[in-house]
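The structure appears right after this line, and notes come after that.
The values are calculated or read from the model by the stated rules, or taken from the named source; none is laboratory data. Because the structure is a prediction, the values reported are computed rather than measured. FYI the Cβ positions are ideal-geometry reconstructions off the backbone, even for glycines, and counts take in every protein chain you see.
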Amino acid sequence: MILFAVIASLTCLFTIAAAASHKRAHQLSNTSWEELVAMIEPVASESITFVALDHLAPSKHQLEIEPPAMWELIGGLEGLQRMKKNASVLFALAVFAERWNFQEGVIVAERMRRDGLALRRAVRSIEWGLMRQLFFKTHLMRLPFHLHEAAASYYLMKQRLLALYETSHAGLYPQLAASL
């Protein structure tokens, strides 16, 4: 009986989360381009790029950035939350670009969707790790890996979106680049 209640509760929670996610996606799809750009929250772009390239383009000194420095460069938990929120907006901007360049827009949007999933997974892992550390006094051994994954995913989303706008709608590119 208890197992049934737990399963029913989890099913309800997942259904509510899916409905909320669908509602947010629907709201973003009905938002104008200017409103979407205005929704982008500021992040430490140069620092995120530095951490992302440390992961994506390794050099001979692969242990150059220590985890506390990575945490600071990304902006801590607040920076991760901003990247996660921005990921949805960046994806919506890619979907918006499908109006001008459908073939490339669909492919770029799918790549960005996958990058966004990797970003959310990395942020969720960091959040769970921080809770485990707080309650169980465990060590965050995987934190640097998740930080690299989050920064790399956000960096790739940003680069893919900028490249799409540069080829699809060069008139909007400068405003988008300035907001990112």
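Overview of results
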read-out	value
Residue in the stretch 39-61 that is touching a residue at least 60 places away in the same chain (Cβ under 8 Å), in a helix (DSSP H, G or I) and more than 16 Å from LEU156 (Cα to Cα) present	no
Unique residue being crowded, with 17+ Cβ neighbours inside 10 Å and either at pLDDT 90 or above or closer than 23 Å to GLU46 by Cα (or both) when the list is ALA152, ALA178, ALA163	ALA152
Any chance MET70 is modelled with pLDDT of 95 or more and part of a helix (DSSP H, G or I)	no
Output for the stretch 131-180, where each listed residue is in contact (Cβ under 8 Å) with a residue 12 or more places away in the chain and among the basic types (Lys, Arg)	ARG142, LYS158, ARG160
Top-ranked residue of the stretch 135-149 - restricted to ones that are closer than 25 Å to LEU63 by Cα and hydrophobic (A, V, I, L, M, F, W, C), ranked as surrounded by the fewest Cβ atoms within 10 Å (Cβ to Cβ)	MET141
